[in-house]
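What follows is a set of notes on a single structure, which appears directly below.
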Amino acid sequence: MDFFKVEDLGISFGGLVALEDINFSVNKGSIFAIIGPNGAGKTTLFNCINGIYKPDRGRILFKGREIQGKKPDRIARLGIARTFQNIELFSHMSTMENLMAGRHNFMKTGLFRGSFMWGRRSFSGREGIANRRKVEEIIDLLDLQSVRNKFVGSLPYGIQKQVELGRALALEPEVLLLDEPCAGMNSEEKQDMIFWVKDIQDELGVTILLIEHDMKMVMDISERILAINFGKPIMEGTPEEVQKNPEVLKAYLGEEEGIGDIA
Amino acid sequence: MDMKRDYYEDVQLFSSGVVVFWFVLLMIGLALFPLFVKNYYVYMANYMVINIIVAVGLNLLVGYTGQISLGHSGFFAIGAYGTVVFMSEAHFPFLLALIAAGLAAALFGFLLGIPALRLEGPYLSIATLGFGLTITQVIGRANIFGGRQGLHTPELYIGPWHLNSDVDFYYLLIVITLILVLAGRNMVKTKVGRAFIAIRDADIAAETIGVNLTCYKTLAFAVSAFYAGIGGGLYAFVLRFIEPEMFGLMMSIIFLAMVVVGGLGSIFGAIAGACLLSWLDLELRNILSIPYVGQWLEALSKSYFSITGVSNIQFIIYGLIMVLIMLFEPLGIYGFWIRTKIYWRTWPF
């Protein structure tokens, strides 16, 4: 049984076919990259996987269960977390609170216990402390100590990307969808991000689906790559295979140059 | 210091001994206050704390969850009529009737929250506005609610005590308000409150971390309506008489103004806004009796406005103050507070 699998996935918006015949399968604990030019449908694919869009055709299987068409909060509960291309943080919360919000599914404090049971030893108090400890581990992992209590709206762009990654990790996901984690970062920040992505894969054993335009990063860290253009798959294979494929080069680069030259 | 302490300190009610000191001082002040002032000021305080309850509840919806409501006078009316009718018709004791009426308001809040799932901004405000106006119409025509004639409240007993003066009622109000304000404050520091804020700041991201939008948006409406319902139930006993005309659109707008003037997304702001606007509302009615200023305003109003101008002066000044606050501090009174705190922290440098 495949760990994570997409079969014949398709979605159209009115007359526009955004995705068609998407097929791929991801091994547990690997990094799988999706590449393609702007507007190829990469983010649409993520939106289908985590339930923001309902695909018209095909199936998405996670550990043998069909998840297509389920609501985003259900999919989050199954263990699929994501980050966004354009940062979607809770900008009026601190870093800590953002990560605590990511612990939503692990907390049972409801309205009543949250409002009326106060104190360190109450149910909500103990639960809050336990979850804060978890969040602290993520803060340590991502070096966010210095911005723990700052409002994320005022943080620099690169840090916001980190906080968003942290919030996704707070869900303790089995599958993590990263939508351009390195977009708009300088080379030093990119290095850090690549390091963390590897870390998350190696140490936490999280399966990662990655959308990224930085070819060097993609070729370096991914096990397999899916290239799409105009919503249709061009090819799927190992980084070496994808690099050599003339179709990919044509679609992605517009001319037949080595990928190394661009990266 | 043990780690556990550290984490809890982020959310605990009293972050230091200084805060405990001020809190105790405030409680003593509130307890002694009625002994030293005229009855009118006790009445004013009662009016204020009821507005505090409603404003805190409305802020949970508008400020924290980011949903607008222009229908809170509807929930307020449900609470007021519900309490009186539960007491006179079903012979519930006061506190039980009050809670039952609050829950009835919460039920209507939940129902109003369902269309709110699909509406936003101006569309939502019109939908809630329609709800508020409908409630007044329905209540004004139903016999059980006394129709246009209104209802007198029954005598108020809590257990063996007969509360028959403003001062007696004041102590009850303070206790209820304290419970509800602290509950609101704790709510926003725990899971439910974080989910509310998440919906306000980025609803799509909120869904992807597992927040069920349907559940939490309707919950926000229900909670906010509960606060308004409790406020309404208590208001009936402050006035001892209710009629449908009181719960009009103006009331909803004033509730919203309290939250915005006080500061959106802040419990302190809701309290401050409610205090300021209810104080102004009552004080400005007497503005013409202030020496010099009153006479000047009267002369001004007689020469430039119509016959009814004198009574409109209070609304003009009321509106003017709101405009000025919003103009100079969009974060409302809460913004002033934050700025003052920052200023004194580094004073005199």
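Every number here is computed from the coordinates shown, using simple stated rules; none is lab data. Since the model is a prediction, treat every value here as computed from it, not as a measurement. Cβ atoms come from the backbone with ideal geometry, glycine included; neighbour counts cover every protein chain shown.
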For the range B:36-338, Rg(Cα) over 2.2 N^0.38 Å is 1.02
Quotient of Cα Rg and 2.2 N^0.38 Å for the range A:107-263, N being how many residues it contains: 1.34
Amide H proximity to A:Asn229 below 5 Å, modelled H, separation 5+ or other chain, gives A:Ile234
Would you list the P(r) distribution for chain A, with all Cα-Cα distances sorted into 10 Å bins from 0 and each bin expressed as a whole %? 7, 28, 34, 21, 8, 2, 0
Please compute the contact order of chain B in relative form: average sequence separation of alpha-carbon pairs under 8 Å and at least six residues apart, divided by the residue count, as a percent. 28
The longest stretch of chain A containing none of the trypsin sites (Lys or Arg not before Pro) that sit in a DSSP loop with at most 12 other Cβ atoms within 10 Å is A:122-263
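Please report, in whole Å³, the volume per residue of the convex hull around the C-alpha atoms of the protein assembly as shown.
On the way: hull volume 134.7 nm³, N = 612.
Output value, Cα hull per residue: 220 Å³.
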From the phi angles alone, apply the Karplus equation (6.51, -1.76, 1.60; θ = phi - 60°) to the range B:176-187 and give each ³J(HN,Hα) in whole Hz, x where the residue is Gly or Pro. 5, 4, 4, 4, 5, 5, 5, 4, x, 5, 5, 4
Descending principal axes extents, the range B:229-349, alpha-carbon based, whole Å: 53, 39, 22
Go ahead and run the numbers for FRET between A:Lys232 and B:Leu107, Cβ-Cβ distance against an R0 of 51 Å, rounding to 0.05. 0.50
Quick one: dipole size for chain A, taken about the Cα centre, charges +1 on Lys/Arg Cβ and -1 on Asp/Glu Cβ, in debye to the nearest 20. 1880
Expected vector for the range B:68-77, Karplus 3J(HN,Hα) from phi with 6.51, -1.76, 1.60 and θ = phi - 60°, integer Hz, x for Gly and Pro, equals 9, 9, 10, x, 5, 5, x, 5, 4, 5
Rounded D (µm²/s) - the range A:90-172, Kirkwood Rh over Cα pairs, Stokes-Einstein at 20 °C, 1.002 mPa s: 164
State the answer as a single residue: which of B:Ser289, A:Phe62, B:Phe196 lies farthest towards the positive end of the charge dipole of the protein assembly as shown, with beta carbon charges of +1 for Lys and Arg and -1 for Asp and Glu, about the Cα centre. B:Ser289
Residue-wise HN-Hα coupling along the range B:329-338, computed from phi with Karplus coefficients 6.51, -1.76, 1.60 (Hz; x: Gly, Pro): 8, x, 7, x, 4, 4, x, 4, 4, 4
Fully extended contour minus Cα-Cα distance, from B:Val37 to B:Ser165, at 0.36 nm per residue: 44.7 nm
Cut-off under 5 Å, modelled amide H: who pairs with A:Leu210 long-range: A:Phe32, A:Ala33, A:Ile34, A:Leu178
Given Cβ point charges of +1 (Lys, Arg) and -1 (Asp, Glu) and nothing else, what value in debye, to the nearest 20, does the dipole of the range B:36-338 about its Cα centre take? 280
